[in-house]
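The values are calculated or read from the model by the stated rules, or taken from the named source; none is laboratory data. Here the structure is a predicted model, which is why all the values come from computation and not from measurement. Cβ atoms come from the backbone with ideal geometry, glycine included; neighbour counts cover every protein chain shown.
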Amino acid sequence: MNKDTSHFATKAIHAGQEPDPTTGAIMTPIYQTSTYVQEYPGKHKGYAYARGKNPTRSALENCIAALENAEFGLCFSSGQGASDAIIKMLRPGDEVIATNDLYGGSYRMFTKIFEPFGIKFHFVNMYDAKNIRNFINANTKMLWVETPTNPTMQIIDIKACAKISKENNLIFVVDNTFASPYLQNPLDLGADIVMHSVTKYLGGHSDVVMGATVTNNKDYHEKLAFIHNSCGATPGPMDSFLVLRGIKTLHVRMDRHCQNGKVIAEYLKAHPKVDKIYWPGFPDHPNHDIAKSQMRDFGGMISFTLKNATVEETFAMASKVRVFCLAESLGGVESLLNHPATMTHASIPKEEREKAGVTDTLIRLSVGIEDINDLIADLKQAIG
């Protein structure tokens, strides 16, 4: 079979993987080893110690890189491990401009871990990418973007950000977790580095914690690979195998996530008890036209609030779901309901959360691939 193809579905199943040369096994083996025999000191077959490289992980890294149209890929023990390595490319005195609506764990890492080491972060509303220019100075070294953002689904113009980054010699990083490579490829739009919480859509079954970075810039890759090996946030072969297996159905799963997401978004928008709804597929969603141009579909992530609901009433609704599960994370085959203010974004101060629209009454849905009628019935009984 010719595996050198640009078609996503074929890459998802075959990229980076070959039948095992020893047995002919069609699935990549789990190389459960910590070390490798060398012919003599310093001479080996590309693998010396498993923290640095493992054949199962290498296959996965090559697969994820192919899905993002990248030359280089690295897998980390978590999405936070991937983010940590990217920020470690900087030095004390450097500054980062980041979107103001971002994953709470990223905010916590930036402000509580790296700011004390002298790296400064500006959290900026990027609805209009031109606003970024107001925060650039001689110390600015990196632009960090999520799109769609977590959890208010803000859409940020990747091409416009890339233009600004190149004009100012910034490293442009895009967290592509919410879209996945199936819906969006930021490197093609000018990003320098793309990171993923592989835990989410790439793994897709809520059974692995992992992160990844991809890039076409050899210098950036070598820096990240050095940090990757030196600091040791590397995943094991079993997790790598599970993600390789998960990716084989990514395109099929994402189609259903998008289909179910659209139906649920439209149901919620028409519901008399629903107030605000955040889903980039609506024509009146801010920057919908940009989403339409840089994404292939609008995904299965939706956030909403109920009209005049108190926090207690919001909690009561969140606790009533039966098919949806009240839990952190996203992107699995099962549908999840999340309360960002007490869960994924609890580490962001209330005042900062609310500036970005993350109120105490906001609910976030990760729409899974169950039967849509069961999902709608569940929301109907929970909302009332």
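Within the stretch 306-335, if we keep just the residues that are surrounded by fewer than 19 Cβ atoms within 10 Å (Cβ to Cβ) and of a type in the set (V, I, T), the residue that is farthest from the chain's Cα centre (by Cα) turns out to be T310.
Does the stretch 276-293 hold any residues that are among the aromatic types (F, W, Y) and either more than 19 Å from the chain's Cα centre (by Cα) or modelled with pLDDT under 95 (or both), and which are they? Walk me through how you get there before you give the answer.
Pass one, the stretch 276-293, residues among the aromatic types (F, W, Y): 278-279, 282.
Passing the criteria: only F282.
For the stretch 133-144, the condition holds for no residue, the condition being that it is part of a loop (DSSP other than H, G, I, E, B) and in contact with a Lys or Arg (Cβ under 6 Å, 6 or more places away or on another chain). Remark: pairs (first residue in the stretch 147-162, of a type in the set (K, R); second residue surrounded by fewer than 24 Cβ atoms within 10 Å (Cβ to Cβ) and at pLDDT 95 or above; Cβ separation under 9 Å; 6+ apart in sequence or on different chains) = K159/A129; K159/L189; K159/G190; K159/I290; K159/S293; K159/Q294. Among all residue pairs at least 6 apart or on different chains, which show Cβ distances below 7 Å where the first residue, located in the stretch 108-122, is aliphatic (A, V, I, L, M) and the second is surrounded by 13 or more Cβ atoms within 10 Å (Cβ to Cβ)? Here the result reads M109/Q80; M109/S83; M109/D84; I119/I87; I119/L90; I119/D94; I119/V96, each pair linking the stretch 108-122 to a residue that is surrounded by 13 or more Cβ atoms within 10 Å (Cβ to Cβ). Against the list (1) of a type in the set (G, A, S); (2) more than 30 Å from N185 (Cβ to Cβ); (3) surrounded by fewer than 15 Cβ atoms within 10 Å (Cβ to Cβ), the condition S293 fails is (2).
Checking each residue in the stretch 327-351 for being in contact with a strand residue (DSSP E or B) (Cβ under 7 Å, 6 or more places away or on another chain) and within 23 Å of T310 (Cα to Cα) picks out A327, E328, L336, L337, N338, H339, P340, T344.
Is there a residue being touching a Cys at 6+ places or on another chain (Cβ under 7 Å), assigned to a loop (DSSP other than H, G, I, E, B) and at pLDDT 95 or above anywhere in the stretch 265-273? Among the residues of the stretch 265-273, not one is touching a Cys at 6+ places or on another chain (Cβ under 7 Å), assigned to a loop (DSSP other than H, G, I, E, B) and at pLDDT 95 or above, which makes the answer no.
Might you let me know whether the stretch 13-25 holds any residue that is in a strand (DSSP E or B), more than 13 Å from P235 (Cβ to Cβ), not assigned by TED's automatic domain parsing to the domain that holds R296 and not small (G, A, S)?
Filtering the stretch 13-25 down to residues in a strand (DSSP E or B) leaves none.
No, there is no match, as no residue in the stretch 13-25 is in a strand (DSSP E or B), more than 13 Å from P235 (Cβ to Cβ), not assigned by TED's automatic domain parsing to the domain that holds R296 and not small (G, A, S).
When the stretch 45-82 is limited to residues that are in contact with a helix residue (DSSP H, G or I) (Cβ under 6 Å, 6 or more places away or on another chain) and among the small types (G, A, S), the one that is farthest from T10 (Cα to Cα) turns out to be G52.
Condition (residue is surrounded by fewer than 21 Cβ atoms within 10 Å (Cβ to Cβ) and modelled with pLDDT of 95 or more) applied to the stretch 362-370: is it met by at least one residue?
From the stretch 362-370, those surrounded by fewer than 21 Cβ atoms within 10 Å (Cβ to Cβ) are 370; that's our starting set.
Filter again for modelled with pLDDT of 95 or more, leaving 370.
Yes - at least one qualifying residue is present in the stretch 362-370.
Got a number for residues in the stretch 295-339 being basic (K, R) and within 30 Å of D157 (Cβ to Cβ)? Write out each step before concluding.
Filtering the stretch 295-339 for residues basic (K, R) gives 296, 307, 320, 322.
Still in the running and within 30 Å of D157 (Cβ to Cβ): 296.
Result for the stretch 295-339: 1.
Any residue that is part of a helix (DSSP H, G or I), in the same structural domain as I64 (by TED's automatic domain parsing) and surrounded by fewer than 17 Cβ atoms within 10 Å (Cβ to Cβ) - is there at least one of those in the stretch 169-185? Quick ask: steps written out before the conclusion?
Here is the first cut: in the stretch 169-185, the ones part of a helix (DSSP H, G or I) are 180-183.
From what's left, in the same structural domain as I64 (by TED's automatic domain parsing): 180-183.
This time we only want the ones that are surrounded by fewer than 17 Cβ atoms within 10 Å (Cβ to Cβ), so: none.
Within the stretch 169-185, none of the residues are part of a helix (DSSP H, G or I), in the same structural domain as I64 (by TED's automatic domain parsing) and surrounded by fewer than 17 Cβ atoms within 10 Å (Cβ to Cβ).
Inspect all residues belonging to the stretch 353-360 and state whether any of them is at pLDDT 95 or above, in the same structural domain as F282 (by TED's automatic domain parsing), over 24 Å from Q80 (Cβ atoms) and not charged (D, E, K, R). No: zero hits. Is one or more of the residues making up the stretch 46-60 within 19 Å of T177 (Cα to Cα), buried (at least 22 other Cβ atoms within 10 Å of the Cβ) and touching a residue at least 60 places away in the same chain (Cβ under 8 Å)? Scanning the stretch 46-60 turns up at least one residue that is within 19 Å of T177 (Cα to Cα), buried (at least 22 other Cβ atoms within 10 Å of the Cβ) and touching a residue at least 60 places away in the same chain (Cβ under 8 Å).
Among the residues in the stretch 204-225, are any assigned to a helix (DSSP H, G or I) and of a type in the set (F, W, Y)? Before the answer, list the steps.
Of the residues in the stretch 204-225, the ones assigned to a helix (DSSP H, G or I) are 218-225.
Cutting the leftovers down to of a type in the set (F, W, Y) gives us 220.
Within the stretch 204-225, one or more residues are assigned to a helix (DSSP H, G or I) and of a type in the set (F, W, Y).
With respect to (1) crowded, with 17+ Cβ neighbours inside 10 Å; (2) within 25 Å of G204 (Cα to Cα); (3) of a type in the set (A, V, I, L, M, F, W, C); (4) outside the structural domain of V208 (by TED's automatic domain parsing), the lone exception for V243 is condition (4).
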